[in-house]
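The values are calculated or read from the model by the stated rules, or taken from the named source; none is laboratory data. All figures in this text were calculated on a predicted structure; none of them were measured in a lab. So basically every Cβ, Gly included, is an ideal-geometry build from the backbone, and we count neighbours across all protein chains shown. Calculation scope for accessible area: heavy atoms of the full protein, side chains included, ligands and nucleic acids excluded. Shrake-Rupley method; radii C 1.70, N 1.55, O 1.52, S 1.80 Å.
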Amino acid sequence: MKGLIYKDISLFFKSIDKKVILIAAGTIILLMFNTGVYAGLLTSMMLAMTIGMQNVMSFASDEKAGWKKYQLAMPVNAASVVISKYLAVVCTLAVSLMGSLLFNLLSSVAFRRFDALVWGISAAASILIPLLWTGICLPLTYWFGFHIAQTMGLFVVIPMFYFIKYFEDGAGFSAMTNIIPSYIAVTGIAAVILFILSMIISMMGYNRRK
């Protein structure tokens, strides 16, 4: 199991596209300049979405390489293969969380304001968004192929974009930080349940493949 987790985490970092990094970096810089004291929160969301996308894209590499054929020749079962991928996702949450802390630190220093609530929401978003993203997309990879999963991953971006845009153009980001905390606990429970169900569904999808 440890070897499989190491393989998946290594694949996560090795398959990072430089174009994705440049696009994400450019967006993060714009957010840092345009959203003021809430830059740490929004950049954390952006990084979390990138982590979620990268997990799906890196695991799609297994599908391209026909990993199931190699797995059949190894002393590992299908459950171990799928569980290792989900555990690898949990490990990559550390990258998302550390990025969130760094962005909020930069924002706090740049704008000379420390807001514990914003830091807390940012940390929660950095964990929940990748969990929700992979929880939705990984079963699609195992049942319908990585192309469908990547397409659905793009659709996940749309509600997140409009969610941010709604507060930016309407009530303001301060309203967002007042509303979100009341939903974090419920969202966290839902994300964990979805993640577990997703793993079970992925196992079923992986077992049906030849």
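For Leu87 and Ile29, the FRET efficiency from 1/(1 + (r/R0)^6), where r spans their Cβ atoms and R0 equals 45 Å, is about 0.85. The string of couplings for the range 92-109 from the Karplus curve (6.51, -1.76, 1.60, θ = phi - 60°) is 6, 4, 4, 5, 5, 5, 5, x, 4, 4, 5, 5, 5, 5, 4, 5, 5, 5 Hz, one whole number per residue in order, with x for Gly and Pro. Label sites at Phe111 and Thr187, each approximated as a point 7 angstrom past Cα along Cα to Cβ, lie 1.8 nm apart.
At 1.4 Å probe size, with every protein chain present, just tell me what the per residue accessible area of the range 76-140 comes to in Å². Display every interim value, and only then the final one.
Working: 2590 Å² over 65 residues.
Value for the range 76-140: 40 Å² per residue.
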